[in-house]
Amino acid sequence: MEEEKLEIVGPLEEPLMGNIVPEEINGSDSLSSSDTDSEKPDSPVPINAPIYRMFGRERPIHMVLGGAADVILWRDKKVTLGLLSVVTVIWLLFGFCGCRLLTSICRGSILFLLLSFLWSNALNKSPENIMEIYIPEKPLLQAASAMTFELNCAFATLRSIALERDIKNFVMALIGLWLVSIIGNWFSFLSLLYICFVLIHTVPMLYEKYEDEIDPIAEKAVIEMKKQYQVFEAKVLRSPLFPFPNRLSASQSKWRDYSLPQAVKFVAKNGTVIVCAVSYPYLPFLNNWLISVSRQKHQDQVLVIAEDYATLYKVNEKWPGHAVLIPPALDSQTAHKFGSQGFFNFTARRPQHLLQILELGYNVMYNDVDMVWLQDPFQYLEGKHDAYFMDDMTAIKPLDHSHDLPPPGKKGRTYICSCMIFLRPTDGAKLLMKKWIEELETQPWSRAKKANDQPGFNWALNKTAHQVDLYLLSQAAFPTGGLYFKNKTWVKETKGKHVIIHNNYIVGFEKKIKRFRDFNLWLVDDHASESPLGKLDNLSGVACKEMGSLESGIPTKRDNGGGRSGRQQQLQQQQQFFLQRNRSRLSRFFLLKSFNYLLWISSICVFFFFVVLFQMFLPGLVIDKSDKPWTSKEILPPDLVGFREKGILDFGDDVRFEPTKLLMKFQREAHGLNFTSSSLNTTLQRFGFRKPKLALVFADLLADPEQVLMVSLSKALQEIGYAIEVYSLEDGPVNSIWRKMGVPVTILRTNHASSCVIDWLSYDGIIVNSLRAKSMFTCFMQEPFKSLPLIWVINEETLAVRSRQYNSTGQTELLTDWKKIFSRASVVVFHNYLLPILYTEFDAGNFYVIPGSPEDVWKAKNLEFPPQKNDVVISIVGSQFLYKGQWLEHALLLQALRPLFPGNYLESDTSHLKIIVLGGESASNYSVAIETISQNLTYPKDAVKHVSAAGNVDKILESSDLVIYGSFLEEQSFPEILMKAMSLGKPIVAPDLFNIRKHVDDRVTGYLFPKQDLKVLSQIVLEVITEGKISSLAQKIAMMGKTTVKNMMARETIEGYAALLDNMLKFSSEVASPKDVQKVPLELREEWSWHPFEAFLDTSPNNRTARSYEFLAKVEGHWNHTPGEAMRFGAVNDDSFVYEIWEEERYLQMMNSKKRREDEELKSRALQYRGTWEEVYKSAKRADRSKNDLHERDEGELLRTGQPLCIYEPYFGEGTWSFLHQYPLYRGVGLSVKGRRPRMDDVDASSRLPLFNNPYYRDALGDFGAFFAISNKIDRLHKNSWIGFQSWRATARKESLSNIAENALLNAIQTRKHGDALYFWVRMDKDPRNPLQKPFWSFCDAINAGNCRFAYNETLKKMYSVKNLDSLPPMPEDGDTWSVMQSWALPTRSFLEFVMFSRMFVDSLDAQIYEEHHRTNRCYLSLTKDKHCYSRVLELLVNVWAYHSARRIVYIDPGTGLMEEQHKQKNRRGKMWVKWFDYTTLKTMDEDLAEEADSDRRVGHWLWPWTGEIVWRGTLEKEKQKKNLEKEEKKKKSRDKLTRMRSRNGRQKVIGKYVKPPPENETVTGNSTLLNVVDA
């Protein structure tokens, strides 16, 4: 009873949610990675995970600013506005009106005296009413003292920087002073003070308002700056050529070079090392842990792995040789902040350290430093296991609990703590560490999921459990903090058994130390001398203050007392002991580690930015015009002299888009294609029975440039072997063009776009065009279509423009919805390099650019040209990117064009020549700059005009006579603006850049000039413009360019798509590989398909942009009417590891409380009156009549009860719902809990068979796994004599049973027309994967990479324990066909026999594939990485079993219901392996496996027990014996009870004789009663 009470009450003694208090929610410090592990009930991190804030602050900005916060943050608007007004007036008076301070003070005093005199004398007012001005002495002295102190500290800081040997501080100080000097040179001191005052009252307010947007950008900037600084430090500061290297002391230099092998060799005793990883903030806990280790006499074996140099030097100073640093050193300030990337980097290095020590041949014990040793743990390391560890769950285990790896939790993994590990230098332990490292690499840290090392450790344990000898330590000896510190009853019961106590399940330095102190485990206070490090002064205080400073000895309050001499003495001491004294706020701000140097640089940059803004917009500082015009083209401005001296003129930085993540992904996948099984002698083959299939999805089929591109691309893809089908949401005239090409076209209804009505798995890839096809993604984001390769082509910039308004208007959920869709696409393709930049908001690392589109040519054919004009217009155009050197390029071009204007016209232009500079922004002052440049070059007035590019490009190009490309930036493709100009028939002049020279022939299709020599440009322009008009030669060249541009970039586009498909699509073995795109005829590769669209070119174009905006307006309107609804099937499961363990604990508590309630209810029911049978019957009838819609499952079962057949439809994911039937003959089988249909009585496979909780087997088995789920305890589910299965894909292919076929099948079953037969209705010879109608084994090889026969051979050998098997069970080629796609029906009894055979077959198959698949992530049954590894082999297994077990095989036509027997039994004689498939043989084998499973003799991975019930005669006998024992025990209890009752049934002893009391008129005398009669 005590144990039962302990198990029930213990975990509930302190409620779980009660431990999460408000002050813990924002805790950010943690000592051990186990504190951050997954399902920690006390850890509040999932509720409010740490967020990066600028300058490392953890409090709101309002609290940081203190008392002035209300004024600075505009909380008190009146005061703030008043202050700004007063300061602005003062600044205007003294800064711009010429007032002098002394004069103003004197005149103000005169005015005050006059007013006071008039007030008191002329008006006869009392002097008491005049305001008295008095300056208190104390505040003034305090202010002066504070100012003096700050100045002295600043001087001491500068002196310290000069004398110290820290080059970083020295460089930072120089840069800071230099920047201040530059800023000070721009303004007067008063203006600078005013700017600072305004910034103080605006920047914090703006930051507080937009801090959620600013902080992520700042974080990215800090990370990038750190990377750049590390490069600078490695290449410059640590270079031997650097004149001022960082000089370390001799001892520090020694420890910096101290290596791990040296340290391990020094500390190891008996081949064992005790390791802990520590950074500077954790030193108090290290000291506490070392005290406890020293008491067990193991301190000499301790090796401290320092994560920063401060820890390395500190520990080795106190305890030489016992600390080592493995580069690179971490930032101790970020490493201790829970949830940060620094903390992840700190914990993720742990397995690497342990693996290095194991490789050196030593045993290693790892401990977190928030532990305390109470006993020697080495005596509990029993046996010679590879790895020892402790459980992190708080659920109480028996004292003699198993030492095996616990079963996985709800999320599919265990909850083992990585805080205490003991490893032996075995192959198993090394494998475990390597797997741990791999898991950490696959689960990196991110802002969305702040990972740590413990989930990876648990995954590594689970995946290597069959290869590593693991040992779970006793819970009583190694309890988790959530149990030891919270369950007093358990602690009392297990007193004396505790060995190591872990202070986890709590967050924060102070809380951890307080808990240790409450339990008398904080040993540092009274026993510091027992530590090898001795007493570390004030380190605990530093840690408890969350490492606000890393200095020691900082007092909490400055002494302001004392006289002048006392303060001088104090300052002298501060100068002598600068690092040990209390620094001022200013010095702490600039020097201490708590303020990151990179953040300091960021702050200066931000201040510099605002100063530049003031410089631009303050009065009189708009633009500085030069007084010296460029009178000669040979004279260059000073900033160009350097370029001329070098002989080149290069401007701007290269702007390049590189899809790095995609390219790396393609490279990894390409390396993985060359796979051969190392354990099995197999080779992979491709058969190529069918063409690769692509689906093109459009929003409509209207004639536009997108359709031209896709038609051209499709023709080329068809030539290299692709089969293409088109789907569109709306019909259009291009439908006929596709059909003439032989491409099937399907028009999807709008309401079908979001519901999956197409089996997209039939395609090897999908290409979706346009944003307006968004509704199709609802289906693509659902299982089982989520992993299908998908290319999304986007040519509109409308969403990029609209997305800027979503955040400002509060439509963040709509923005998130679009981001999910972008992340679903495997690749997002753009046709120019500007769109990826515009869509940066949605970048999920899948952006790709394939330059080229017929859009510009299409538009040019539909433009109306303006009437003839007298002026000759030259347009200077440039890159689509804006960069800082653009003005310089325009200035050089204008200088080169100056010879077109003879003379020196300063007033007005009498010629008809105009120059338009197209570029820049309309809101900037770029027009002023161009005007200034033209004036300096003495251009005539109004001859040069600047026009912004926004919305004006087409109009300007139409009106232009000559187009000059004025950008020297080397772009990645041919500039689009030149394509537009050439399409309009305009002569172009451009620099000979690579991508321009590639497509333009000089003086054939355009003019080229070397960018180094602008004189050539002048000559070209003089040739093109003769006598005030464009020359005839230039016009002919323009016409040649117009002809050429018609098909420009077609080849690059088509080859780009072909290369992308080749890299992205991975084909199964029955699919033929497409041919090389170079084999496509040139006319299909190098030309757009204009001919089919000629009829549409002259018509008015469809305004695609307007349609796109209209579509976005509809989407926004839908979201505005239904706020808060995200996409129905978006991925939302992103729980952290800590939250998962909290969920597990809560689930256990709910189950316990539910069990108690059920027990109480049962007890209460036992005492209730149940009524007669008539009453019970009436109540049941009433309940039946009152059933509502919630009882559909019961009604479905009732309707199926009278049927001879029930057909089950396995499915996985919401995308299959449209293909499932909803009437009683059918019943769904959900392979996953998440994707089950609502309000349907579908079978939950995972609840019937726990195997489906493992995603590996759920995916590998596929629909075949449903057989195991249904057969497990089938009598509780299936009540019909026959059972059937039908794949949802059969319905999608329109091969499911029609009503006629269903009735025919039911009639055949009821009349036993074919007896014990296998009915199937999906034929192998009509399967799309088998267009050549190959026989059974050839088809099986084709869909299994050529290894189907090998797999069957090896599996049957292992299954039947046969060493040699020369042949396979024959499957004759007699003209008949076989079943595919798991769509068939069998008698229930035969089905159970088939499942018995299948369980053994799958177990043998898994035994040969599982190890290889988990080691390489590859399966020899597939050419690519394939999670459905077993399913294609098992798809055909029912045919082998039915044929060789002598079942009749009958094909039923799914449309007509006609039946035809296949492979008749009389033709099978002599070919069947009857003995192999005989029921008696299989039953014997099944019982042998059941007996082996019951005896626990099998060690390692074994699938068979997980696929169904374990039943054999011994089990039945055991159950029978158990029932008999229970019965006998019950009888014995009854007899004992009767015996006890009989022993108490004897007569009760007489207590005494009862004497009846006499009445009032009676007298009692002796033993006689006398009646006295009294006469009345």
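The values are calculated or read from the model by the stated rules, or taken from the named source; none is laboratory data. Note that the structure is predicted; figures quoted are calculated from it, not measured. Cβ placement follows ideal geometry from the backbone for every residue including glycine, while neighbour counts extend to all protein chains displayed. Ligands, DNA and RNA are stripped out before the accessible areas are found, and what is left, the full protein with its side chains, is counted by its heavy atoms. Shrake-Rupley method; radii C 1.70, N 1.55, O 1.52, S 1.80 Å.
Across Tyr833, Tyr1319, the residue with the most accessible area heads the list, and the full order at a 1.4 Å probe is Tyr833, Tyr1319. Sequentially through the range 207-224, phi angles give Karplus couplings (6.51, -1.76, 1.60; θ = phi - 60°) of 5, 4, 6, 10, 5, 5, 8, 6, 4, x, 5, 5, 4, 4, 5, 5, 4, 5 Hz, Gly and Pro residues having no value and appearing as x.
For the range 255-330, the Kirkwood estimate of hydrodynamic radius, built from reciprocal distances between every pair of different alpha carbons, is 12.3 Å. FRET efficiency for the pair Ile135 and Tyr229, taken as 1/(1 + (r/R0)^6) with r the Cβ-Cβ distance and R0 = 51 Å, rounds to 0.60. The Cα center of the range 463-532 and the Cα center of the range 706-723 differ in position by 67 Å.
Legend: distances between Cα atoms for Lys384/Lys511; Lys691/Lys861; Lys314/Lys511; pairs beyond 28 Å are Lys384/Lys511; Lys691/Lys861. What trypsin sites (Lys or Arg not before Pro) does the range 701-807 have in DSSP loop regions with at most 12 other beta carbons within 10 Å? Loop-located and lightly packed - Arg749. Could I have the simple spin-label model distance between Asp942 and His1428, label points 7 Å from Cα toward Cβ, reported in nm to one decimal? Going by the 7 Å Cα→Cβ label model, 7.3 nm. Distance cut-off 32 Å, Cα to Cα: go down the list Lys661/Lys1046; Lys495/Lys1518; Lys715/Lys1066; Lys665/Lys774 and report the pairs above it. In this structure, Lys661/Lys1046; Lys495/Lys1518 lie more than 32 Å apart at Cα. Round to a whole angstrom and tell me the spacing of the C-alpha centers of the range 940-1011 and the range 1324-1394. About 65 Å separates the Cα centre of the range 940-1011 from the one of the range 1324-1394.
Computed about its Cα centre, the charge dipole of the range 1321-1384 is approximately 260 debye, with only Lys, Arg, Asp and Glu carrying charge at their Cβ.
Among the listed pairs Lys1313/Lys1464; Lys1358/Lys1427; Lys786/Lys1079; Lys411/Lys434, a Cα-Cα separation exceeding 25 Å is found for Lys786/Lys1079. Think of each Lys and Arg Cβ as +1 and each Asp and Glu Cβ as -1; about the Cα centre, that makes the dipole of the range 964-1063 roughly 400 debye.
Applying the criteria of a DSSP loop state and at most 12 other Cβ atoms within 10 Å to the trypsin sites (Lys or Arg not before Pro) of the range 1444-1474 yields Lys1464, Arg1469. When only alpha carbons are used to place a centre, the range 810-842 and the range 1271-1287 end up 47 Å from one another.
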